[in-house]
Amino acid sequence: MRVFLELGWFFKERKKQYAIGIFLLMIVALLGVLPPRIIGFVVDEISRGTLTPAYLMTWLGVLAASALIMYVLRYAWRLMIFGSSIVLARNLRRQLFNHFTQMSPSFYQKRRVGDLMAHATNDLQAVQMTAGAGVLTLFDSLATGGFVIAAMAITIDWKLTLIVLIPLPLMAYLTNYYGRLMHLRFHDAQAAFSGLNDKTQESISGMKVIKTFGQEKEDVEDFRALSKRVVDENIRVARVDSLFDPTISAIIGICYFLAIGFGSYFVVNGDMTIGDLVAFTAYLGLLVWPMLAFGWLFNIVERGRASYDRIRNLLAEPVDIDDRKGALDIHPEGDIVFSLEEFKFTDDDRAALRDVRFKLKRGETLGIVGKTGSGKSAILRLLLREFENYSGEILFGGRSISDYKKKKLREAIGYVPQDHFLFSTTVAGNIAFARPEATEEEIHQAAQLAHIHQDILNFTEGYNTVVGERGVSLSGGQKQRISIARALMMRPELLILDDSLSAVDAKTEEAILESLKRTRTGETTIITSHRLSAIQHAHQIVVMDAGTVAEIGSHDELMKKKGIYYEMYELQQLEELVEQGGETQ
Amino acid sequence: MNEKQKELTGRDQWVVFKRLLVYLIPHKKMLSVAMLLLVLTVLGDVLGPLIIKTFIDGYLTPGNFPTGPVTGLALGYLFIQVSNVIISYFQLLKFQEAALKIIQQMRIDVFTKVQGLGMRYFDRTPAGGIVSRVTNDTEAIKEMFVTVLIGFIQSIFLIIGVYIAMFFLNVRLALITLILLPILFWIMYIYRKYSSIFYQDLRERLGQLNAKISESVQGMGMIQAFSQEGRMQDEFNEINEKHWKAGKRNIKIDGLLLRPAIDLVYTLALIMLLSYFGITSFNSTIEVGVIYAFVTYIDRFFEPINQVMQRLSIFQQAIVAASRVFDLLDEKDEAPAQKEAAAEITEGRIEFRNVSFSYDGQAEVLKNISFTAEPGNTVALVGHTGSGKSSIINLLMRFYEYEKGDILIDGVKVKNYRSSELRRKMGLVLQDPFLFYGTIESNIRLYNPDMPFSGIRAAAEFVQADKFIAQLPDGYDHKVTERGSTFSSGQRQLLAFARTMAADPKILVLDEATANIDTETEVAIQTSLERMRKGRTTIAIAHRLSTIQDAELILVLHQGEIVERGTHQQLLAARGLYHKMYLLQNGIVENVSH
């Protein structure tokens, strides 16, 4: 129940709606006591033969009026309470999303997309349930239960009420027990289902392999086995689930039996009338819901609390990279000085970078090469200020990059990542991502520079073609080139290509590099690549090895040095240059 | 999640529903048992109040209690209660079991169908969508069977039972209460009519909302790098707001037409009962027990209706889900068919004869391709991205059906081989080696239980994968998780080689197998490739010309046509496109302009 306290701020925020809603709920519960009582009165008059039309009309009138009032009030409290609960969901969702946009990459590295999605969907749903159905169940079951028992005890007979209530706690206990059992089994069933899901996902992703080896039938057999497990686990759930209704009707049956048995005794003794007995059994029917509701309430509240804890933890996650006080509100410009002593990724003891130092004059191109894991990407990510926990300094235009407003720094950098991520909007929308206000000409221009313009014109709807589920309909090379166009749209002071030409063939690569060279004369460019042809013409090449700079210099200098770079170059060109290259030149 | 909800007319929904019912037929035995149990349960439900009525009118009102008959009634009542509990437990369980089995069959059908579809289908359908068809959509149908359909059947039986009992007690009153049915159906009809619109709208908004969150979270790096947080927040808020409004509309419609409305009808029914009994009592005597029984029956009658109404939205969802599943089952894009001829691939001579091909039936991606790969030779395909290299392999592997020209292996049309023969004799190594969840061994073995372990080890050794496998903690039993992300791309490549070598194909097809790999790993890969190619006809795509210099035939493709063909030396001497590509790849840019 603590979750109601934790959500107190929200109930306070909407105290009018909740107060009115709960008040109406109480009135409905109170009016709900009327029908059985009226039945009882009428039955008594009938059995005594004293019923008059006026008496009947009065009570039926009361019944009709209360029914109409209840209809209106029921509608109204739903609007108040359920309406508030979706306001809570909406506001929390907005907070969560805004929070997501402020989280740094290290936050996203620690978490999987699926988990974050689960918080934004299932957890929010559970909290909404707590603020809606939870509040309703709490007050309604207490009010209905209370009023009905009071009506039974006061207007009929308190002794009979006590007797009949005896089996009811057993019902609350059993349904609660089943609930817990079900929860466990349901968990297993969910696990089996998600296993089936993974299996399907894998089979579809690996369809070509399966087809290549002709193993379609075997794969279906594997699927059949897994789907059988899903059925088995769900039958285990059904075995518990099917207990609920029979148990409830068994216990209610016992209550009726007690009511009729002892009730008859009281009737015969003259303590009660027959009408009372009929009314009493009708009241019993009204008690079922509050009993069950209490079981559900614990369930809802338990889920709500766990979910709300998770959401709060997520929202409490601090924004780890923020602007300094008095941060510069200008775009950085000028030379870049990278002078780093050491940098470690969080949760990693090994230094990702050590003693990495280089200077890059404005307008020049820097190439960074090295094996996977040598630290190429780490350098770029530090430049983007994705991490700050390093020793050393990174200067851009003579000032530390941390001195600039984060927004200004990022606006000066056009970044093309390794894993080209495109949004599910049009091609034009993707290219103009950083500048939604850009004109058509500007978009086409950027596309031309990235040598994707011609490809785009060949798409069914040209620039208006929508990029599918993470760009499924585009080739890797096309996605890379759209990413490049997207970065070029910003006319960035610093352009970073993080191995972004890997899926592009040699001819296109050459053409893109050429157009960059032509148009970006005053601005700085950094390129990392596996393929040396992409960085060969850079003013300066940094060769990374195991997190540190192994060699630095221009292509010619490095070739002369006959070190790692030379070796890499030779390896790549071994046959061409050594065996036959001479012949062709 | 972000796919468009289909618009279904009432007629469409009915068609889908009828087709769903067909799935019940194989389970009619189990279902009949469940139905029989249901009839017994309803019988018990209806008899209980009747016994109490008998007690009230026969013994309580007159006030005499002969021990024998009263004990009999009490025991009878208890017996009915107890047996009812047991029967209804099995009834509920049987229905659920049947629903689960039905869904299992449907899932297997869908999955089998998916396995038989051609690559064309997978090209145009996102994987996530297909997975949803197989699992989530069928799950929605299961929910419908379990919560709506079963509940519906139970309600109908109960209503029938209750009416029979009421007619038995008092024909006139029972006739009067019949008027409740059209009222209830009318409410149900109105509710369904409006809620289906509002509810569908809400689902759609939720889909958009989740798609937006999912995409933003995945692309957050880009959003931040381009300083678009503000714009994304605005876009999200707009969707969030619309979703909230849709939610509010649903609360209103539910509040107007669900439980509050049904409860209103319930009170109306009570008023009808009391007026009838009241008015009749002015002229004749009324048995109190009958009033009791009617009040109880009317009470019982409304609870299941409330429950079914509340779950109608599940019905709606399930019908939409089912229509998507059926669309997939009706998909025509099947994998290319093979003749069941007994031809065997012995030498491995591959011949393309004037093959033209188009993915969409409009733009040809291959134009008049002809070449022959002699047994044991290597034919290399080079060209710009989109030049048609992969399409040649796709046709050879029978991922797509071709219409013009022909492809022959050992002089026999590739269409005429049995599928199993083609799969056994042709080995394909993909650009992105796909590893399955399992172990190193299971990834090399795949579903070939007969392959001895020595064969697996030999295959790994052959491609030089044994060294890194030996270094893994569990060797060949080492777990492969999440598509093998714990392995480097080079290691994944070697495992894919081993998998192919374990199958010992006659023909080797390499699809851009050498792109995207560190220079160092590549040395090991090159050596393995050379070994693998020995004695096998090989069709290879390579980005780097260095890997295919010893090929017997190099085809240079450009926009779907073979523009140059010959050996490495011949092509260099010809100083054409190949020569240019070669110079570019070696970074000898200056020479290109000459």
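Each reported figure results from applying straightforward, stated rules to the coordinates on display, with no laboratory input. Please read these numbers as outputs of a predicted model, since none were measured by experiment. Don't worry about glycine lacking a Cβ; one is built from the backbone with ideal geometry, like all the others, and counts go over all protein chains shown.
On a 29 Å Cα-Cα criterion, which of the cross-link pairs A:Lys560/B:Lys580; B:Lys142/B:Lys332; A:Lys406/B:Lys245 come out too long? The answer is A:Lys406/B:Lys245. Semi-axes of the equivalent ellipsoid of the range B:336-416 are 21, 16, 10 Å, computed as sqrt(5λ) over the eigenvalues of the C-alpha gyration tensor in descending order. Across peptide B:402-408, the mean count of Cβ atoms from other chains lying within 10 Å of each residue's own Cβ comes to 0.
Taken over the range B:1-119, lysine pairs spaced eight or more positions apart, or on distinct chains, with alpha carbons under 26 Å apart number 15. Shielding by partners for peptide A:62-68, expressed as the average number of C-beta atoms from other protein chains within 10 Å of each residue's C-beta, is 3. As a rough guide to protection, the peptides A:205-215, B:346-356, B:20-30 ranked by mean Cβ packing within 10 Å, highest first, stand as A:205-215, B:346-356, B:20-30. The aspartates and glutamates whose alpha-carbon is closer than 17 Å to the alpha-carbon of B:Lys248, local same-chain residues fewer than 8 away aside, are B:Asp201, B:Glu204, B:Glu238.
Listed by chain and number, the aspartates and glutamates whose alpha-carbon sits under 15 Å from that of A:Lys199, ignoring those within fewer than 8 places in the same chain, are A:Glu216, A:Glu218, A:Asp219, A:Glu221, A:Asp222, B:Glu482.
All Cα-Cα distances of the range A:76-181, cut into 5 Å bins from zero to the largest, leave 2, 10, 12, 13, 12, 11, 11, 9, 6, 5, 4, 3, 2, 0 percent in each bin in turn. Once the Cα-Cα distance is subtracted from the 0.36 nm per residue extended length, the A:Arg180 to A:Asp329 segment shows a gain of 47.9 nm.
Taking other C-beta atoms within 10 angstrom as a stand-in for reagent exposure, B:Ser214, B:Ser370 fall in the order B:Ser370, B:Ser214, fewest first.
Close amide H partners of B:Gly118, meaning residues 5 or more places away or on another chain with modelled amide H under 5 Å apart, are B:Glu334, B:Ala335. Helix by helix through chain A, keep the DSSP H runs that span 30 Å or more along the axis on Cα and average at least -1.0 on Kyte-Doolittle, and give those back in order. Span-like helices here: A:53-102, A:168-205, A:216-269, A:274-316. Here the 3J(HN,Hα) profile of the range B:253-258, calculated from phi with Karplus coefficients 6.51, -1.76 and 1.60 at θ = phi - 60°, is 5, 5, x, 6, 10, 8 Hz, Gly and Pro shown as x.
Taking the longest Cα principal axis of chain B as reference, the axis of helix B:150-169 is set at about 20 degrees.
Per residue of peptide B:88-101, the mean number of Cβ atoms on other chains within 10 Å of the residue Cβ is 5.
3J(HN,Hα) along the range B:117-131: 7, x, 4, 3, 5, 5, 5, 9, 10, x, 4, x, x, 5, 4 Hz, from the Karplus curve 6.51 cos²θ - 1.76 cosθ + 1.60 with θ = phi - 60°, whole Hz, x for Gly and Pro.
For chain B, the relative contact order works out to 15 percent when only alpha carbon pairs closer than 8 Å and six or more residues apart are counted.
By the rule of a C-alpha distance below 23 Å, with chain neighbours fewer than 8 residues away ignored, the lysines paired with B:Lys467 are A:Lys371, B:Lys479, B:Lys534. Under 5 Å between amide hydrogens, built in the peptide plane, is the criterion, and for B:Glu552 it picks out B:Thr378 among residues at least 5 positions away or on other chains.
The helix-based estimate of mean residue ellipticity at 222 nm for the protein assembly as shown, built from -39,500 (n - 2.57) per DSSP H run of four or more residues and divided by its residue count, is -20000 deg cm²/dmol to the nearest 500.
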